[in-house]
Amino acid sequence: MSLILISDLHLQPGRPDLSAGLSRFLDNLDRDCQQLYLLGDLFEYWIGDDAALPGAEQLARQLRGLSERGMQLFFQAGNRDFLVGQQWLKLAGTQLLPEAFKLRFPDGIMTLLMHGDQLCTDDTAYQAFRQQVRDPAWQQAFLHKSVDERIAIAEQLRMESKKQGATKAEAIMDVSPATVQQAMEKAAVSRLIHGHTHRPAVHQLELSSGTAERMVLGDWDKKGWYIKADATDTRLLSFDI
């Protein structure tokens, strides 16, 4: 048995290479892969299941094919695609996970899965924005707008995010070590896996319970990043797209 984790693909119409790379990756998954975890920002943006990005239905059909052959698929919302709803997930044969999810990996280590944006607590402006857009009332009001209005808002938010990212210190946009430690100790785990920061690496850290590790998935661009876990070990890997 093995499981695969990916995040931060940022699929979008202007990057057909990413969609093609994901399609090949899914086609080539080992038959012993029993679970696939999509840890957020699968899409560059998502404005509602009624206005899916081009190619999203084709991807859903491919994911459902994996589900129908016996693979379990899980989706965890990111900061770009937190509005992915049950309509698309059902079409994709994929289950929605809470924003923090704990499970025992094949190697026996209790592991916490997160997208990762909630760990960047030094970025107070982003955390205030996150709290706003995760509010069910805000989401309901947004989804009741016309598709054109939602597209305009999404594009404006994307431009604002890029502008702020260019001026913020690198450390502010990374995870807070104190928040990481707090999340891991609260969940009583010795491994954390997340994406969001686009800084693929494996970090060793010390908790009150002992040595632990934080594995960071990279974003897909020229390379596709993934984690493969089996009974022997858990590895951060990449391939050329």
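The values are calculated or read from the model by the stated rules, or taken from the named source; none is laboratory data. Please read all numbers here as calculations on a predicted model, not as lab measurements. So basically every Cβ, Gly included, is an ideal-geometry build from the backbone, and we count neighbours across all protein chains shown. Please note that ligands, DNA and RNA were not included when accessible areas were found on the heavy atoms of the full protein model with its side chains. Shrake-Rupley method; radii C 1.70, N 1.55, O 1.52, S 1.80 Å.
Worth pointing out:
- Output for region 155-179, where each listed residue is at pLDDT below 85, open to solvent by less than 80 Å² (accessible area, probe 1.4 Å) and over 20 Å from the mean Cα position of the chain (by Cα): Glu160, Gln164, Lys168, Ala169, Ala171
- Hits in region 122-136 - residues which are in a helix (DSSP H, G or I) and farther than 16 Å from Trp46 by Cα: Thr124, Ala125, Tyr126, Gln127, Ala128, Phe129, Gln131, Gln132
- Among the candidates Gln139, Gln118, residue that is at pLDDT 95 or above, touching an Asp or Glu at 6+ places or on another chain (Cβ under 7 Å) and either assigned to a strand (DSSP E or B) or not charged (D, E, K, R) (or both): Gln118
- Residues that are open to solvent by 40 Å² or more (accessible area, probe 1.4 Å), assigned to a loop (DSSP other than H, G, I, E, B) and more than 14 Å from Leu119 (Cβ to Cβ), drawn from region 184-218: Ala188, Ser190, Pro200, Ser208, Ser209
- Scanning region 46-92 for residues that are touching a Leu at 6+ places or on another chain (Cβ under 6 Å), open to solvent by less than 40 Å² (accessible area, probe 1.4 Å) and not hydrophobic (A, V, I, L, M, F, W, C) yields Gly48, Ser67, Gln76, Asp81.
- Test: residue in region 18-31 that is in a helix (DSSP H, G or I), farther than 17 Å from Lys223 by Cβ and of a type outside the set (Val, Ile, Thr): yes
- Pick from region 127-154, criterion touching a residue at least 40 places away in the same chain (Cβ under 8 Å) and under 21 Å from the mean Cα position of the chain (by Cα), ranking: most open to solvent (accessible area, probe 1.4 Å): Arg134
- Scanning region 23-41 for residues that are crowded, with 21+ Cβ neighbours inside 10 Å and touching a residue at least 40 places away in the same chain (Cβ under 8 Å), we see that the one that is farthest from the chain's Cα centre (by Cα) is Tyr37.
- Subset of region 188-204 [more than 19 Å from the chain's Cα centre (by Cα) and farther than 20 Å from Lys228 by Cβ]: Ala188
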